Structure formats: structure tokens, C-alpha cells
Amino acid sequence: MGETILDNSVIPVGTPINKRWTLRNLGPGTWDDSYRVRFIEGERMGGPEEARLPRLVGANEEVDIAFPMMVPDAAGHYRGDWHLVDGQDAAFTVRLAATTSGSRLMQPS
């Protein structure tokens, strides 16, 4: 699994980001259009409650899951977690996390 915006990245508050995870289907079946990513806990940071996979994913294939997010306006540590779920709402053990620290840029005095 790969990703953009690595965990614990320090990003200025209020900055829009595009979070992307690359997942590989290690099972024998195809992830069809009933598979989706669902928010489960933490701070969504403007990410979706739920998003469908962008295409069918066969065995041993990879898929990029991406959506725009926004670092909150207040400085602090933020984490949001999403699960991959199938058509029967069964969650996979994989947990997709977006973890950032929003910081205010110091102004020169």
C-alpha cells in the first residue's frame, strides 16, 4: 500500500490537500462497483463519508483511492480513518488513515 501526504506530515492550517492511497487486491475475487471506502472515526478533514472505488479491481491489481481534504483551521494533530468495505458492508482489516499536524507559520518579528 502506498500513499501521498505521509502520516504526521506538518502542513500549514487551512491548506487543501489531495490524499491518495494505492491498494492491491490480494484476494482471488474482483472488487466490483459495490466496494467503497467508508469513514469510520476521527476528523474527516473535508473527506467524504463514503466513496466508491473508481473502477473494478481484479486479483493482484492495484487501485488508487484519492479525494480532496482540508487541513483544519486550528493548529493541532488530526487523524481520520476510513475502511474498505464490500457490498455486504463487511469491513476489510485494512484501515486507511490520514494523519496531519496543522501548524501556523511563524511571522518574522
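Please work out the Kirkwood hydrodynamic radius for region 2-102, using every pair of different C-alpha atoms, and report it in angstroms with one decimal place.
14.0
Using DSSP to define loop residues, name the GluC sites (Glu not before Pro) in region 13-109 whose beta-carbon has at most 15 other beta-carbon atoms within 10 Å.
Here the sparse-neighbourhood loop sites are Glu49, Glu61.
Given contacts defined as C-alpha pairs under 8 Å and at least six residues apart, what's the relative contact order of the chain, whole-number percent?
This gives 35 percent for the chain.
State the antiparallel share, in %, of DSSP beta bridges confined to region 2-102, rounding to the nearest 5.
Once the DSSP bridges in region 2-102 are tallied, antiparallel ones form about 90 percent.
Return the single residue from Leu84, Leu26, Leu96 with maximal mean-square fluctuation; model: Gaussian network over the chain, springs between Cα atoms under 10 Å.
Ranking Leu84, Leu26, Leu96 by mean-square fluctuation puts Leu26 first.
We did not get these values from a lab; they are worked out from the coordinates using the rules stated. Only a predicted model underlies this, so the values are computations on that prediction, with no experimental measurement involved. Backbone-built Cβ (ideal geometry, glycine too); neighbour counts: all protein chains shown.
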